[in-house]
Amino acid sequence: MNFEEFEELKTHFSGEAADLIPVLQKIQGAQGYLSPESIRRVSRWLRISENEIYGVATFFAQFRFQKPGRHVIKVCLGTACHVRGGEQILDVLKRRLNIEPGAVTADGLYQLERVACLGCCALAPVVSIDGKIYGQTSVLKIQELLDGGLHHDQP
Amino acid sequence: MTSLESRRQEARNNWRALQNRPWPVIYVGAGSCGLAAGAAEVIEAIEGYLRKTGQRADIVRVGCIGPCYLEPLVDVQMPGQPRVSYSNMTPSLVKGVLESFLEKGEVYKGRLVGHFGEKGTKEFPRFFDHPMLAPQKRIVLRNCGIIDPESLDQYLARDGYAALERCLSMSWSEVLDEVKKSGLRGRGGAGFPTWRKWLVCRETESDKKYLICNADEGDPGAFMNRSLIEGDPHALLEGMEIAAYALGAREAYIYIRAEYPLAIARLRRALDDMRAVGLLGERILGSDFSFDIRIKEGAGAFVCGEETALIASIEGKRGMPRTRPPFPAVSGLWGRPTVINNVETLATLPNIIRNGAAWYSQFGTETSKGTKTFSLVGKVRRTGLIEVPLGMTLRQVIYGIGGGLAKDFKAVQTGGPSGGCLGEEFLDVPIDYENLAAAGSIMGSGGLIVLDKNTCIVDTAKYFLNFTQAESCGKCVPCRVGTRHLVNILDRICKGKGEIADLKRLEDLGRTIKGGSLCGLGQTAPNPVLTALKHFRGEFLAHIVDKRCPAAVCRDLVTYRIIKEKCTGCQRCVQVCPTGAITGPRSEPHSLDMSKCIKCRSCYEVCRFDAIAGDAIVIES
Ligand SMILES: Cc1cc2nc3c(=O)[nH]c(=O)nc-3n(C[C@H](O)[C@H](O)[C@H](O)COP(=O)(O)O)c2cc1C
Ligand code: FES
């Protein structure tokens with residue numbers, strides 16, 4: 001996020017302390033994560049110490065502090081998905097991508113996440129890839145999706 | 001106030017006109033669940049078909065009508081005919097449906113669920129006579145799947161905002177009284193009488209008061225609030241206006257989880273539409289009631305569903321609960337009196353005001369009035385969102401509405417991470433706040449997760465404890481450290497390394513955590529383990545003494561085996577095995593080398609669904 005973009009973002013808020021979380025959400029929405037530099041800027045603008053901002057941001061699962069992967073794969077591990085085998089789907093992805101949840105593959109292509117419920121529990125187990133939700137997946141279906149090569153999609 | 005009435009009249013005419021279109025109208029269930037099942041692709045196929053054939057038809061995107069397992073649902077309405085609903089549509093199937101209706105003028109026979117007309121027959125049933133829908137009483141869900149959630153007019157046409165108009169002609173105390181008489185209790189979990197919170201807030205002196213709608217829906221495995229907001233956002237917003245009027249709030253927030261982008265978009269759209277017609281802002285509908293609503297997206301913390309944590313998070317802080325009292329109704333957001341209500345509680349209000357408290361309280365039991373929505377999921381045949389009068393038994397819900405299970409029933413989990421698993425012996429318990437509590441679980445927000453004999457109770461308890469452990473805000477030591485120990489002990493048991501003394505450890509530790517935690521998260525976190533220990537002790541003992549997982553779930557305790565007699569040697573499992581553990585020439589029974597097997601389940605699934613023989617691979621303990 002460059003200077004102009006940040007200045008533009010500021011116009012959407014009144015600059016109170018209560019804006020902190022929505023501001024961080026907006027920054028993450030724009031650049032995919034919270035860079036140290038953006039936190040510094042928010043700190044100066046809202047007059048909240050960087051320490052405190054990290055305190056708030058790390059409390060919430062939504063915020064990331066590393067560059068996201070090009071494709072974000074979220075495996076639902078809500079209760080409905082758990083009892084229908086979500087864990088096993090996560091295992092397959094961990095093995096195939098060779099990363100742990102929260103990490104990005106070395107080539108920057110894939111990011112693996114675990115989430116607690118995407119709200120489509122009736123279609124468990126559920127996986128979301130780049131925001132699109134896939135219901136009634138299975139160990140096999142998810143591999144077919146991977147084999148189909150998500151890389152060919154546009155990011 | 002006449003402006004809304006004339007608009008409503010026009011909206012009614014438009015609604016009637018939609019039902020009497022001289023050309024076909026196609027309704028597609030396009031809530032998150034419909035989209036997850038492929039509704040977008042189906043809509044594309046419909047549009048493509050219409051373009052190609054040059055036919056004229058309207059496409060209406062509606063919310064989820066409930067039976068999510070039938071998604072994507074597509075309804076076709078021919079001129080002069082009622083809507084006819086089809087299930088599990090795919091792009092290729094939907095072409096057949098359209099061809100039948102639009103080219104041949106015939107009702108398509110396959111995947112028919114039912115029609116929306118008056119009389120049903122065996123061959124051509126009514127949609128609402130479907131076994132999943134017939135036993136339901138749809139009050140708060142009345143518009144879901146019926147109207148276009150992005151259309152204020154369609155909401156108005158179905159008596160939308162009539163309850164608000166009625167309220168504005170009543171005094172605040174009359175409104176509160178009506179809600180009191182209805183017997184409405186909070187749908188967010190605790191079941192606190194709604195009117196009582198309001199009264200405390202009303203009677204507290206302050207320059208400002210706030211209303212907050214809790215749409216955080218943190219219970220993993222429950223989606224009632226999402227579905228309701230996606231399918232009928234105005235019902236919630238009208239309810240918020242009624243509540244705000246009664247308790248004297250001029251400002252409100254909707255705290256909604258960021259995982260629900262579609263619901264957020266629908267709310268934003270609905271708020272804009274309200275503003276445009278004077279249903280929001282200064283002097284609503286010409287009255288002296290002024291009110292505005294803002295949306296706050298949650299940032300992913302289960303504990304923020306708790307009232308005081310939620311308030312902290314809106315104020316821009318870490319979402320940590322604080323001690324109560326003072327209760328938020330006395331001192332809440334920015335120190336002002338604040339009422340927090342759940343989505344469903346609020347969305348019920350218009351129905352109570354429109355139809356009267358006496359009408360509403362005819363449903364339900366002595367202590368728990370009205371209806372409740374549940375997300376019926378897990379190992380039940382018919383999964384989805386349902387609404388039933390309180391007092392219906394678990395058996396009626398699971399076997400009647402849900403159609404039972406494919407395998408033997410083991411338990412039903414209610415109340416999410418704060419609740420517990422209830423076995424066979426509780427199936428005839430009428431569902432209400434008191435009965436579920438007496439059975440050792442809680443009503444919670446409405447998650448009903450059905451477990452069959454292939455679900456391990458110890459694993460399920462471990463699952464919930466893992467969840468609460470990760471979500472504990474860390475303020476209270478018993479919750480922060482205690483839940484971790486519970487997880488460790490459960491993990492040990494699941495690995496076959498537990499000892500008998502662990503059971504007592506779980507119980508003692510569970511009680512300590514319950515007693516020593518500040519907020520509802522810690523106070524209820526041990527419930528899943530404690531109820532499991534109470535009702536399913538034998539399953540714990542099987543893990544500890546016999547080193548067996550009777551449900552064949554716990555990975556360290558199961559093995560995979562190929563049944564030689566069943567295996568045709570089709571090689572599908574050989575192809576999918578990632579470690580080369582399965583070998584064998586084509587057409588001869590394969591063999592499995594357990595030393596290489598990582599228990600990934602690929603072979604099991606491929607054999608069940610894809611192989612020539614099927615079911616030749618078993619997982620045993
Ligand atoms: C850990 C925790 C999580 C909660 N999560 C939710 C939630 O997601 N949605 C909700 O409406 N209430 C939740 N509650 C209950 C709320 O604190 C509060 O009681 C409720 O929103 C009040 O609304 P009601 O009176 O309309 O039920 C939670 C409580 C606790 C302790
Ligand atoms: S549990 Fe996975 S979508 Fe709800």
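Annotation for the stretch B:371-424 versus the stretch B:108-139: alpha-carbon center distance of 21 Å.
Extents of the stretch B:161-360, largest first, come to 41, 36, 32 Å (Cα atoms, principal axes, whole angstrom).
Restricting the calculation to Cα atoms, the stretch A:3-59 shows an Rg/Rh of 0.90 when the hydrodynamic-style radius is the Kirkwood one. Take the Cβ atoms of B:V107 and B:I295, set R0 to 35 Å, and the FRET efficiency comes out at 0.25. Rounded to the nearest 20, the Cβ-based charge dipole of the stretch B:161-360 about its Cα centre (Lys and Arg +1, Asp and Glu -1) stands at 360 debye.
Please compute the net charge surrounding A:E50, taking Lys and Arg as +1 and Asp and Glu as -1 over other residues with Cβ under 12 Å from its Cβ. In short, +2. Rounded to the nearest 20 debye, the dipole magnitude of chain B is 940 debye, with +1 charges on Lys and Arg beta carbons, -1 on Asp and Glu beta carbons, and the Cα centre as origin. Expressed in Å, the radius of gyration and Dmax of the Cα atoms of the stretch B:327-467 are 16.9, 53.
For the protein assembly as shown, the Cβ-based charge dipole about the Cα centre amounts to some 1140 debye (Lys, Arg positive; Asp, Glu negative; other atoms uncharged).
Largest accessible area first, the listed residues B:V200, B:V529 line up as B:V200, B:V529 when surface is computed with a 1.4 Å probe on the assembled protein chains. Between the beta carbons of B:E507 and A:W45, assuming R0 = 60 Å, the FRET efficiency works out to 0.70 to the nearest 0.05.
One quarter of the surface of the convex hull around the alpha-carbon atoms of the stretch A:71-147 equals 4.3 nm², the direction-averaged projected area. Largest to smallest in accessible area, the residues B:R12, A:R84 fall in the order A:R84, B:R12 (1.4 Å probe, all protein chains included).
In this structure, the residue pairs whose Cα-Cα separation is over 18 Å, taken from B:K109/B:K137; A:K74/B:K462; B:K462/B:K534; B:K453/B:K599; B:K197/B:K372, are B:K109/B:K137; A:K74/B:K462; B:K453/B:K599; B:K197/B:K372. In this structure A:D130 has an accessible area near 70 Å², from a 1.4 Å probe over the protein heavy atoms. For chain B, what does the relative contact order come out to in percent, with C-alpha contacts under 8 Å and a separation of six or more? 11 percent. As an exercise, use a Förster radius of 41 Å and the Cβ-Cβ distance of B:E99 and B:R12 to find the FRET efficiency, rounded to the nearest 0.05. Efficiency computed from Cβ-Cβ geometry: 0.75.
Debye-formula intensities of chain B, expressed as log10 I(q)/I(0) at q = 0.10 Å⁻¹, are -0.98 (one equal scatterer per alpha-carbon, no solvent). Comparing mean-square fluctuations of A:E87, A:E100, A:E50 from a GNM of chain A with C-alpha springs under 10 Å, the top value falls on A:E50.
With contributions of -39500 (n - 2.57) from each DSSP H run of at least four residues, the per-residue ellipticity at 222 nm computed over chain B stands at -11000 deg cm²/dmol.
Which value results when the Cα radius of gyration for the stretch B:457-544 is divided by 2.2 N^0.38 Å?
Compactness ratio reported: 0.98.
Share of carbon and sulfur in the accessible area of the stretch B:555-616 stands at 49%, probe radius 1.4 Å.
The residues neighbouring B:A616, those whose beta-carbon lies less than 13 Å from its own, together hold a net charge of 0 under the Lys/Arg +1, Asp/Glu -1 convention. The ratio of the alpha-carbon radius of gyration of chain A to the globular-protein estimate 2.2 N^0.38 Å is 1.18.
Summed over both chains, the area buried between B and A is near 3600 Å², taken from the accessible surface of protein heavy atoms with a 1.4 Å probe. As a fraction of the 1.4 Å probe accessible area of the stretch B:14-129, surface on carbon and sulfur atoms comes out at 50 percent. Near B:V200, once Lys and Arg are set to +1 and Asp and Glu to -1 for all other residues with Cβ below 14 Å from its Cβ, the sum equals +4.
In this label model, B:E41 and B:Q362 are separated by 4.6 nm, measuring between points 7 Å along each Cα→Cβ vector. Maximal additional length on extending the B:S92-B:R586 stretch stands at 174.4 nm, based on 0.36 nm per residue less the C-alpha distance. Of all aspartates and glutamates in the structure, the ones whose alpha carbon falls short of 15 Å from that of B:K497, not counting any fewer than 8 places away in one chain, are B:D459, B:E539, B:D546, B:D556.
The values are calculated or read from the model by the stated rules, or taken from the named source; none is laboratory data. All figures in this text were calculated on a predicted structure; none of them were measured in a lab. All Cβ positions, even for glycine, are placed from backbone atoms using ideal geometry, and neighbour counts span all protein chains on display. Just so you know, the surface numbers come from the protein's heavy atoms only, side chains and all, with ligands and any DNA or RNA stripped out. Shrake-Rupley method; radii C 1.70, N 1.55, O 1.52, S 1.80 Å.
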